[in-house]
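The values are calculated or read from the model by the stated rules, or taken from the named source; none is laboratory data. This one's a predicted model, so the numbers in the text were calculated from it and none came from an experiment. Quick reminder, even Gly has a Cβ in these numbers, built from the backbone with ideal geometry, and neighbours come from all protein chains shown.
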Amino acid sequence: MAGLKKSNLNSIVELRTTTDDNLPNSLSELEYAQSFAFTDSQLAIGLITVSLAGILFLLDKKYEFDEIYTLTVVLAVLYFTLSSVLYYFKSAKNYKDVKYIGYDDKGNKITIKSYSPKFEPLYKVTVILGDNVRETEFDINYMELFDAFGHFRQDELTARIKKEIAQLQKK
């Protein structure tokens with residue numbers, strides 16, 4: 001149970017991290033299964049870019065520059081392209097702050113985005129049902145999610161997300 005671990009109530013970063021870590025638990029209670037395809041694709045692109053950098057390093061050590069000039073240019077362009085795609089995934093509005101992507105039994109998609117403003121004890125959440133079909137934003141004060149000792153209250157987060165999903169489905 002997540003409530004056994006104490007969080008520092010004076011650290012917004014720790015409160016946000018604990019809440020983000022417990023999102024899958026709340027959504028699994030609401031019968032959503034998490035999809036890791038987005039995260040896996042980001043990891044794969046990152047791994048490929050690191051591999052390309054390593055290959056370029058080894059080629060530079062083993063061969064003369066003139067011998068591998070064309071290959072170096074091709075690999076550098078590929079590295080730049082993949083790094084640009086990864087940057088897009090990290091900073092584009094559609095993908096920024098995505099903490100959870102999941103599907104229910106019927107195949108309906110849910111996406112949860114969240115962040116905390118600097119120096120404000122608020123957990124700002126955006127729930128998107130479908131592919132940007134229905135969307136709602138709401139704030140949760142961290143004092144609603146944590147007790148006075150810093151223990152996380154899973155049921156509060158689950159109830160709030162359930163309420164917002166129910167309101168979205170009525171629209």
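One residue is enough: does segment 103-110 have a residue meeting the conditions under 23 Å from residue 160 (Cβ atoms), surrounded by 13 or more Cβ atoms within 10 Å (Cβ to Cβ), polar (S, T, N, Q) and within 15 Å of the chain's Cα centre (by Cα)?
Within segment 103-110 (the criterion being under 23 Å from residue 160 (Cβ atoms), surrounded by 13 or more Cβ atoms within 10 Å (Cβ to Cβ), polar (S, T, N, Q) and within 15 Å of the chain's Cα centre (by Cα)), the answer is no, since none of the residues qualifies.
Restricting attention to segment 23-33, the residues that are without any contact (Cβ under 8 Å) to a residue 24 or more places away in the chain and more than 20 Å from residue 98 (Cβ to Cβ) total 0. Which residue pairs have Cβ atoms under 8 Å apart, sit 6 or more places apart or on different chains, and have a first residue in segment 4-22 that is crowded, with 18+ Cβ neighbours inside 10 Å and a second that is β-branched (Val, Ile, Thr)? From segment 4-22, the pairs are 7/18. Helices (runs of 4 or more DSSP H) fully within segment 3-114 that include at least 3 residues being outside the structural domain of residue 159 (by TED's automatic domain parsing) and touching a helix residue (DSSP H, G or I) at 6+ places or on another chain (Cβ under 9 Å): 37-62, 69-91. When residues in segment 68-100 are screened for being over 23 Å from residue 124 (Cα atoms) and not hydroxyl-bearing (Ser, Thr, Tyr), 12 of them pass.
Does segment 103-117 include one or more residues that are more than 22 Å from residue 24 (Cβ to Cβ) and touching a residue at least 12 places away in the same chain (Cβ under 8 Å)? The answer is no, given that none of the residues of segment 103-117 is more than 22 Å from residue 24 (Cβ to Cβ) and touching a residue at least 12 places away in the same chain (Cβ under 8 Å). When the residues of segment 118-158 are filtered to those that are within 22 Å of residue 103 (Cβ to Cβ) and loosely packed, with under 14 Cβ neighbours inside 10 Å, the one that is modelled with the highest pLDDT is 137.
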